[in-house]
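For reference, the structure is listed below as structure tokens.
The values are calculated or read from the model by the stated rules, or taken from the named source; none is laboratory data. Keep in mind that this is a model prediction, so the values were computed, not measured. Here the Cβ positions follow ideal geometry from the backbone for every residue, glycine too, while neighbour counts run over all protein chains shown.
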Amino acid sequence: MANETRVNLKHLLEDIRDSYSAPVEEVILIELVANALDSKATCFDVTVDPIERYIRVTDNGGGMKRASLREYHNIAASTKARGAGIGFAGIGAKLSLLVAEKVVTESKGGGGARAATEWCLAGPYRAPWKFVPFTETIKSPRGTSVALYFASEATPLLDAHFVREALIKHFYPLFHERLHQDILHYIYKKGVQFTVNGELVVVPEREERIDYAFEVRLGKARRPIGAGFLSTNVLAPGWLGKLVGASTEEHHLSGGLSIATYGKVVKGGWEWLGVAPKNREALCGIVEVPAMAELLTTNKSDFLTDALHLRKFYKLRRAIQQAVIPILKEMGQYGNDSPGTSPSKNMRPLSRTLEAALERVADDFPELAPLLATHRQKGGKGESTKDWAEDEGAITAIDADTDRGKKRDGIVTELEGEKVEQGNKGVKKDGKGTRKRSGLTLELHDLHDSPGLLGVVREETVMVNTLHPAWKKALATKQEEYHIVLVTALSLSEYLDPEKNPQVFLERLLLSWSEVGEQKTLL
């Protein structure tokens with residue numbers, strides 16, 4: 001008698017599917033590969049047969065024994081700890097039930113164990129599966145093969161070109177030789193290889209050209225924690241192509257700087273980085289940071305936003321910023337569309353007042369610490385050795401002794417303690433101690449790239465949009481200062497722990513700002 005999953009599997013799978021931004025066919029492929037990578041697979045053989053209407057993904061990972069394969073059919077089963085790996089509880093095969101007529105899984109585990117199952121979705125509450133005879137599909141000593149059989153040809157998973165493009169798009173670092181040399185060889189020593197219908201999958205030769213490469217480091221560590229590059233978004237055709245009027249060819253990477261971990265692209269654009277070039281559409285690039293893996297959400301398609309993980313994310317993001325900003329400067333892409341419309345000296349009193357107000361509420365909103373933290377400037381004897389961020393607006397001091405992370409073959413893959421220098425300790429009357437100043441600054445800007453925003457936080461600068469009608473109204477009614485404080489609060493509220501109420505933060509900050517202002521007036 002066949003075994004059966006006795007839950008509303010269809011509803012659960014649809015909820016999981018809807019948590020991804022990519023089409024379900026891409027998600028299935030992503031998760032099949034990601035889970036195999038977590039099991040230390042290095043070779044993937046994909047067979048696409050539109051005549052027989054099936055796609056099979058075979059890997060040489062650790063495989064499963066019969067007992068593990070039985071648990072594999074339980075939607076809630078997972079042997080993975082939170083924050084580990086880039087796959088999501090074997091969800092690739094489970095999501096396949098939404099689009100495939102049946103799913104056949106074969107696996108070779110340790111000690112010569114081998115087993116195979118056939119699974120289908122027979123209704124919202126019925127997902128029967130059974131053990132079936134094992135074939136010789138898997139040629140390696142260990143590994144797993146997942147085959148999806150379809151009722152018709154109307155699925156992109158039966159298009160070999162779609163499969164190749166999706167693999168490159170979502171696992172780009174695994175196909176790029178430079179990224180393997182610079183960072184991924186610490187994780188995948190011999191690289192990772194994909195074939196589709198026996199043909200090796202590679203990025204086009206034109207994409208192997210890198211305009212600007214960079215490494216990401218924490219402090220003065222000998223080895224980088226990440227690496228990446230920036231290039232022009234649209235690749236020009238050769239002289240012959242121009243002569244015959246050929247169109248330009250786009251990069252496999254989406255516009256902006258994509259962030260990847262363990263070879264999996266998590267997200268693209270510039271917003272996650274907090275830095276934007278002058279012409280954001282003209283550039284594309286990618287940065288691979290293995291330590292980001294521990295910050296992934298459950299479905300591994302974004303980053304966690306609770307206070308603890310946000311602090312780690314900001315630390316890694318700051319290191320990436322320090323690597324990217326010099327490149328943008330060299331390319332003439334760093335800066336904003338127009339200079340500030342107000343002299344900086346007029347903003348300093350308000351900046352100091354807001355700094356004092358934020359310090360008052362900082363204990364209740366620790367997730368903002370990486371944005372608001374202060375940094376020490378060297379001075380005097382006996383000062384401990386620190387690794388200082390050299391770019392303007394730097395806020396975090398990375399302690400070489402306490403901020404080391406867990407390493408895999410010499411590369412940081414998981415962060416541990418975070419020591420951020422804050423407060424007013426260490427300041428001496430003779431001036432030989434350390435002096436601290438806020439990294440958060442306020443500026444007025446014409447945000448031509450985001451005219452509908454009241455303001456935005458880029459690096460550690462709150463930029464108030466002078467093109468917004470609300471700013472013009474504030475000018476007309478002489479309420480500029482209140483408007484700036486309000487925009488600062490709203491902009492910073494985006495970085496709050498999701499469990500905290502932005503309105504409470506806004507009320508607390510406005511109250512603190514008014515109290516600080518009254519004290520200064522009395523003085």
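Pairs are defined by a Cβ separation below 7 Å, a sequence spacing of at least 6 or placement on different chains, a first member in the stretch 48-60 that is crowded, with 22+ Cβ neighbours inside 10 Å, and a second member that is assigned to a loop (DSSP other than H, G, I, E, B); the pairs so defined are THR58/THR137; THR58/ILE138; ASP59/ALA41; ASN60/ALA41; ASN60/THR42; ASN60/SER140; ASN60/ARG142. May I ask you to verify whether ARG311 is outside the structural domain of GLY455 (by TED's automatic domain parsing), among the basic types (Lys, Arg), closer than 20 Å to VAL456 by Cβ and not in a strand (DSSP E or B)? Here the answer is no, as ARG311 does not meet what is asked. Filtering the stretch 162-176 for residues that are in a loop (DSSP other than H, G, I, E, B), surrounded by 17 or more Cβ atoms within 10 Å (Cβ to Cβ), assigned by TED's automatic domain parsing to the domain that holds THR58 and at negative phi leaves an empty set.
Of all residues in the stretch 452-481, those that are in the same structural domain as SER351 (by TED's automatic domain parsing) and part of a helix (DSSP H, G or I) have Cβ atoms under 7 Å from Cβ atoms of residues that are small (Gly, Ala, Ser) and crowded, with 19+ Cβ neighbours inside 10 Å, 6 or more apart or on another chain, in GLU480/ALA474. Looking at the stretch 337-348, is at least one residue modelled with pLDDT of 70 or more and buried (at least 17 other Cβ atoms within 10 Å of the Cβ)? Yes, the stretch 337-348 has at least one match. The residue list VAL216, VAL146, VAL196 contains one member that is within 25 Å of LEU316 (Cα to Cα), modelled with pLDDT of 95 or more and touching a strand residue (DSSP E or B) at 6+ places or on another chain (Cβ under 8 Å), which is VAL216. Among GLY112, GLY198, GLY123, which is out of contact with any helix residue (DSSP H, G or I) (no Cβ under 8 Å at 6 or more places or on another chain), loosely packed, with under 14 Cβ neighbours inside 10 Å and within 30 Å of HIS73 (Cβ to Cβ)? Among GLY112, GLY198, GLY123, only GLY112 is out of contact with any helix residue (DSSP H, G or I) (no Cβ under 8 Å at 6 or more places or on another chain), loosely packed, with under 14 Cβ neighbours inside 10 Å and within 30 Å of HIS73 (Cβ to Cβ).
Okay, residues lined up against (1) under 22 Å from the mean Cα position of the chain (by Cα); (2) polar (S, T, N, Q); (3) under 19 Å from GLU118 (Cβ atoms):
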{"residue": "LEU9", "(1), (2), (3)": "no, no, yes"}
{"residue": "ASP18", "(1), (2), (3)": "yes, no, no"}
{"residue": "ALA22", "(1), (2), (3)": "yes, no, no"}
{"residue": "GLU26", "(1), (2), (3)": "yes, no, no"}
{"residue": "LEU37", "(1), (2), (3)": "yes, no, no"}
{"residue": "THR42", "(1), (2), (3)": "no, yes, no"}
{"residue": "ASP49", "(1), (2), (3)": "no, no, yes"}
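Within the stretch 449-466, being surrounded by 14 or more Cβ atoms within 10 Å (Cβ to Cβ) and more than 21 Å from TYR334 (Cβ to Cβ) holds for one residue alone: LEU454.
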